[in-house]
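Below: the structure, in structure tokens.
Rule-based calculations on the coordinates, nothing more; no lab input. Please read all numbers here as calculations on a predicted model, not as lab measurements. As a convention, Cβ positions derive from the backbone with ideal geometry for all residues, glycine included, and neighbour counts pool all protein chains shown.
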Amino acid sequence: MKVALVTPFFHQQRGNTVTVKRIASGLSHLGVSPKIYSLTNENTYPSIENVDLVHGFNAFYFYRFWRRKGINRSPYIVTLTGTDLNHALFDEDKRSYIIYSLEKAKAIHVFNQEARKVLVQEVPSVTNKIFVIPQGVTFFSNIYNEKFQKEKDTCLFLLPAGIRKVKNISSAITMLGKLHDSYPNIRLWLVGPIIEDDEGKKIFNLVDKNSHWIRYLGQIDHEKMGEVYSQADIVLNTSLSEGQSSALLEAMSFGIPVIAANNLGNRSIVFQGKNGYIYNNESDFIKYALKLMKHCRMRQMLGETGKRFVLDNHSASTEAVRLLSIYNQVLQTNS
């Protein structure tokens, strides 16, 4: 079986890029021949030929591609991203395109039941072709690099995220900054590409002002992220909205507790006081950060629970098997 995996901005280390690489690897082990296509520029959209099935990631960007290239002869399925579910579906300029993309799809993949509920409510016509498959997790082999070594006797918070407004990175700097006044052993590392230039300038300015305790590590190849996770004490997600965070799941796979903003995607994988904490406001954040900083045993317990949760529920091989089952079902129905 030949499958085209079509995703926007594949050249950047975004969540979609991580997801597509992982799925391509999993499908390859099952005898599928996947090929990844990037939708970076409308003027240089790739041509897709001689494939049995097309799998698009991000319904809005995929619709624009599908409309321009007219790949009508190949059936397609769509994976809905956090941007689709939390923004484009409720944007009057994009909503009709999203719905059209979904209605024409042979199957729709979402990461959790919460996403399914949103989709059923907003686009009931696609209810019977929605499949819930949680994200798988990549396990890293290389976990040591002298380039990424935290300072002795410090508590390291790690925030892996592309720099754009929706990731709300400045809030982490502000909230941890208030704690740093009383706990100068706090450190914060930021990892991820600059996606929005204006937001990048804002974050760089904050990092410069706080360079004695904050480092921006830039965009790091995903294969090397284990070297960064291995140094962290606590991993953060401050996003205003989220589909399902690969970074949080990867942190849990390392046995690291997480503190995450209250949004649909984070609520599907972070369970209060078990593998981390969901916060609603600054007061919550500071309370949970202090609790984890001060209690090493609690960090260990939450980390162990998180690791078990990932092993039990977010297998990359299971993800690939279930996707292949959908592919086969679509092709049999379409033949």
Sticking with the crude label model, points 7 Å out along Cα→Cβ, report the distance from Phe271 to Cys296 in nm, one decimal please. 2.7 nm
Could you grab the relative contact order for the stretch 59-152? Cα pairs under 8 Å, six or more apart, rounded to a whole percent. 26 percent
Quick one: net charge of Tyr97's neighbours, Cβ under 9 Å, K/R +1, D/E -1? +3
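Is it possible to state the helix-based mean residue ellipticity at 222 nm for the chain, with each DSSP H run of 4+ residues giving -39500 (n - 2.57), the sum divided by total residues, to the nearest 500 deg cm²/dmol? What is it? Walk me through the intermediate numbers first.
Working: 13 runs with 142 residues, N = 335.
So the calculated ellipticity at 222 nm is -13000 deg cm²/dmol.
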Using the alpha-carbon centroid of each, what span in Å lies between the stretch 241-275 and the stretch 95-162? 11 Å
Full-extension gain between Lys152 and Asn281, please, as 0.36 nm times their residue separation minus the C-alpha to C-alpha distance. 43.4 nm
Note on the stretch 180-236: alpha-carbon gyration tensor, axes a ≥ b ≥ c; rule is a/c under 1.5 for rounded, else prolate if a/b larger than b/c, else oblate; result oblate
Full-stretch length increase - Ser317, Asn262 - with 0.36 nm per residue and alpha-carbon distance subtracted: 16.9 nm
Note down the net charge around Glu223, summing +1 for each Lys or Arg and -1 for each Asp or Glu among other residues with Cβ under 14 Å from its Cβ. 0
Got a sec? How would Val120, Val235 order by Cβ neighbour count within 10 Å, fewest to most? Val120, Val235
Between Lys2 and Glu122, what is the spin-label point distance in nm, taking each point 7 Å from the Cα along the Cα→C-beta axis? 3.4 nm
Fewest-first sequence of Met175, Met252, Met298 by Cβ atoms within 10 Å of each Cβ: Met298, Met175, Met252
Residue exposure sequence - Leu39, Leu311 - by fewest surrounding Cβ within 10 Å: Leu311, Leu39
5 Å is the cut-off here: which amide hydrogens, built 1.01 Å from N in the peptide plane, fall below it relative to Ile186, excluding neighbours closer than 5 in sequence? Cys155
Rounded if a/c is under 1.5, else prolate if a/b is larger than b/c, else oblate: which is the stretch 124-271, with a ≥ b ≥ c the root eigenvalues of its Cα gyration tensor? prolate
For the chain, return all DSSP H helices satisfying: extent of Cα atoms along own axis at least 24 Å; mean Kyte-Doolittle hydropathy at least 0.5. none
